[in-house]
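Trainee: There's a structure below that I have some questions on.
The values are calculated or read from the model by the stated rules, or taken from the named source; none is laboratory data. Nothing here was measured: the structure is a model prediction, and the numbers come from that model. Cβ sites come from the backbone with ideal geometry, for glycine too, and all protein chains shown count toward neighbours. We work out accessible area using only protein heavy atoms, side chains counted, and drop any ligands, DNA or RNA first. Shrake-Rupley method; radii C 1.70, N 1.55, O 1.52, S 1.80 Å.
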Amino acid sequence: MRVDASRDEIITCMLRAAGLRSTAQRRVILAHLVGSSHALTAQQLHARLCDDGHGVGLNTVYRTVQALVDAGALHTFPDHGELAFRRCGDAHHHHFICQRCGRVEDVLADEVERWVTAVAQRPGYTVHSHRADVYGTCPAC
Ligand SMILES: [Zn+2]
Ligand SMILES: [Zn+2]
């Protein structure tokens with residue numbers, strides 16, 4: 001996979017935000033995530049890296065994606081008992097997840113935000129975050 005200039009900048013920012021040193025291995029891991037509309041498990045990501053001729057260890061993949069999740073740079077999705085990872089947009093969003101091909105789309109939903117606001121206004125409750133995912137099949141499937 002070719003790494004162009006803008007993607008390179010995104011990757012540098014993500015690594016910096018996650019407090020990770022910018023190594024060649026981490027950059028190539030991230031390049032594959034930034035270029036994918038599908039959520040990928042660490043094993044799927046590792047397989048793609050191998051297919052593209054990158055000798056990155058599975059443990060390095062696990063550690064890198066976990067650090068990026070901790071930094072809020074990746075969203076996680078349950079995938080048959082494992083976790084899949086995706087680089088989403090920066091703006092607050094929800095998800096549509098295709099259960100056939102694994103494609104994930106960012107979804108904006110004012111209704112959800114209004115509902116969360118209503119929940120947060122209940123006396124004594126403090127809301128820290130929320131998440132809404134919709135599962136189904138995408139137009140391509
Ligand atoms: Zn997301
Ligand atoms: Zn699909």
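Trainee: Out of the total accessible area of the range 5-86 (probe 1.4 Å, heavy atoms of protein only), what percent is carbon and sulfur? Walk me through the numbers on the way to the answer.
Mentor: Working: 2020 of 4160 Å².
Carbon plus sulfur share of accessible area: 49 percent.
Trainee: Using alpha-carbon positions, what is the distance between the centroids of the range 1-62 and the range 108-141, in Å?
Mentor: 30
Trainee: Any cysteines in the chain with zero other Cys Cβ atoms under 4.7 Å from their Cβ? List them, or say none.
Mentor: So far as the 4.7 Å Cβ criterion goes, Cys13, Cys50, Cys88, Cys101, Cys141 stand without a partner in the chain.
Trainee: A further question on this structure: Give the peptides 125-137, 68-80 in descending order of average Cβ contacts within 10 Å, highest first. If you can, show how the numbers build up before the last one.
Mentor: Working: 125-137: 9.9, 68-80: 16.0.
My ranking of the peptides, most packed first, is 68-80, 125-137.
Trainee: Taking the Kirkwood radius as the inverse of the mean 1/r across Cα pairs, report the Rg/Rh of the range 94-136. Write down the numbers at each step before the final one.
Mentor: Numbers: Rg = 13.2 Å, Rh = 11.8 Å.
That ratio equals 1.12.
Trainee: Would you mind checking which residues have amide H under 5 Å from Ala132's amide H? H placed 1.01 Å from N; only 5 or more apart, or other chain.
Mentor: His95
Trainee: For Ser6 and Val119 in the same chain, what is the full-extension length gain: residue separation times 0.36 nm, less their Cα-Cα distance, in nm?
Mentor: Working: separation 113, 0.36 × 113 = 40.68 nm, distance 3.94 nm.
Taking 0.36 nm per residue and subtracting the Cα distance, the gain is 36.7 nm.
Trainee: When N counts the residues of the range 5-86, how does its alpha-carbon radius of gyration compare numerically with 2.2 N^0.38 Å, as a ratio?
Mentor: On the way: Rg = 11.6 Å, N = 82, 2.2 N^0.38 = 11.7 Å.
Dividing the Cα Rg of the range 5-86 by 2.2 N^0.38 Å gives 0.99.
Trainee: Could you give the accessible area per residue of the range 5-86, probe 1.4 Å, as a whole number in Å²?
Mentor: Values: 4160 Å² over 82 residues.
On a per-residue basis, 51 Å².
Trainee: So if the hydrodynamic radius of the chain is defined as the Kirkwood radius over C-alpha pairs, what does Stokes-Einstein give as its diffusion coefficient at 10 °C and 1.306 mPa s, in µm² per second? Provide the component values of the computation, followed by the final result.
Mentor: Numbers: Rh = 16.4 Å.
Approximately 97 µm²/s, per Stokes-Einstein.
Trainee: If contacts are Cα pairs under 8 angstrom and at least 6 residues apart, what is the relative contact order of the chain in percent? Please list the in-between numbers first.
Mentor: Values: 170 pairs, mean separation 28.8, N = 141.
Once divided by the residue count of the chain, the mean separation gives 20 percent.
Trainee: Does anyone have the angle between helix 42-51 and the longest principal axis of the chain? Alpha-carbon axes, 0 to 90°, nearest 10?
Mentor: The angle comes out near 30 degrees.
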